[in-house]
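This report concerns only the one structure given below.
Nothing in this text is a laboratory measurement; each read-out follows from the coordinates by a stated rule. None of these values were measured; they are calculated from a predicted model. Every residue, glycine as well, gets a Cβ built from its backbone with ideal geometry; the counts of neighbours run over all protein chains shown.
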Amino acid sequence: MVVPAALLFLSVSVILFNNPIYSLISLILVFFNMFIVLLSIKVEFLAMIFLIIYIGAISILFLFVIMMFNLKDLHRIKKPETFYYSIY
């Protein structure tokens with residue numbers, strides 16, 4: 001019961017964090033929790049593929065892309081007072 005609750009919390013935190021590094025860390029933890037869920041339902045091959053491809057490759061690629069951004073310039077940009085969310 002703890003793993004699905006953590007999976008839901010971390011999935012929401014990927015979207016809500018303002019800092020892209022924190023968002024990426026929570027995305028990696030979401031992938032790791034999915035790995036645990038897949039292991040618990042006895043799908044070992046899919047769990048290992050998930051671990052190698054998503055955590056090993058895609059998350060590291062996202063990390064390199066975030067590192068290439070100049071994050072100091074992002075803090076100088078003034079954020080709008082209100083946020084409008086569109087739901088489609």
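Quick notes on this structure:
- The stretch 2-76: relative contact order in percent, alpha carbon pairs under 8 Å with at least 6 residues between: 27 percent
- Binned Cα-Cα distances of the stretch 2-76, short to long, each 5 Å bin given as a whole percent: 3, 16, 22, 21, 17, 10, 6, 3, 1, 0
- Peptide packing for 19-26, 8-15 was compared via the average number of neighbouring C-beta atoms within 10 Å per residue; ordered from the highest value, the list is 19-26, 8-15.
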